[in-house]
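Structure first, then comments.
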Amino acid sequence: MLKTWAVVPTCLPLILRRCHACASERFRASGKFRVNANHKLLDAWLLALCTACGETAKLTVFERTNVRSIAPELLNRLHDNDPGLAAELLQDPVLRRRNRIALDWGDAWRLDTGGSDDLDSEVIDVSVRFAARIPVRPVRLIAEGCGLSRAEVERLIKEGKLVSAFRLSGKLSGDFTFTLKCWG
Ligand SMILES: [Zn+2]
């Protein structure tokens, strides 16, 4: 029995960055952009708001970049405040490094198991697909997907009834598979 689960974002992750106004460490992307033109050089920022005081932070998308080296499609999306663009840009490790931010996915994702109808099979193979690189604990994910406690999942791993070619301890943010034996 092969099942596919999906880890899907439900909203934008929070942005971890210290606020200069109130020392809070969380911002929320506003979904809006600002583009500045100085002759042929453009700057573009993604605007984020402090979750505590509402202060605006500008995250650099690009700076002092010649207009001709920017894809017109990107420029249009920036000008239109394209709702999907903030999510795409926050996924970009280069942008995160440049702005010295990290992401807090907290409750900004859900696990879609496609129903738990077949969990009475002897052996199930589960393929977990990530729609975005969201760091989650596989143990937590498996517990949620199978309706078990985390302690029960840990026990199944110890007993060799839950096996994977991937490390199930710690966090994963990319596709993985596991097999659950002697279930039910
Ligand atoms: Zn603040």
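Residues to consider are Leu85, Leu89, Leu16; find the one that is closer than 20 Å to Ser173 by Cα and touching a Lys or Arg at 6+ places or on another chain (Cβ under 7 Å).
Unique residue meeting the criteria: Leu16.
Among the residues of region 30-57 satisfying the criterion of being near the ligand (Cβ under 10 Å from one of its atoms) and loosely packed, with under 14 Cβ neighbours inside 10 Å, which is nearest to Ile70 (Cα to Cα)?
Checking each candidate, the answer is Gly54.
Do you know which of the residues in region 12-26 that are of a type in the set (A, V, I, L, M, F, W, C) and surrounded by 14 or more Cβ atoms within 10 Å (Cβ to Cβ) is nearest to the ligand (Cβ to nearest atom)?
Here the residue is Cys19.
Does any residue in region 17-28 that is on the phi < 0 side of the Ramachandran plot and among the aliphatic types (A, V, I, L, M) come within less than 6 Å, Cβ to Cβ, of a residue that is modelled with pLDDT of 95 or more and near the ligand (Cβ under 8 Å from one of its atoms) six or more places away or on a different chain, and which pairs are these?
Partner pairs satisfying both residue conditions: Ala21/Cys53; Ala21/Glu55.
Go through (1) basic (Lys, Arg); (2) part of a loop (DSSP other than H, G, I, E, B); (3) away from the ligand (no atom under 16 Å from the Cβ) one by one and return the number of the condition Arg77 breaks.
(2)
The values are calculated or read from the model by the stated rules, or taken from the named source; none is laboratory data. Being a predicted model, the structure only gives us computed values, none of them experimental. Please note: Cβ atoms are built from the backbone with ideal geometry, for glycine as well, and neighbour counts cover all protein chains shown.
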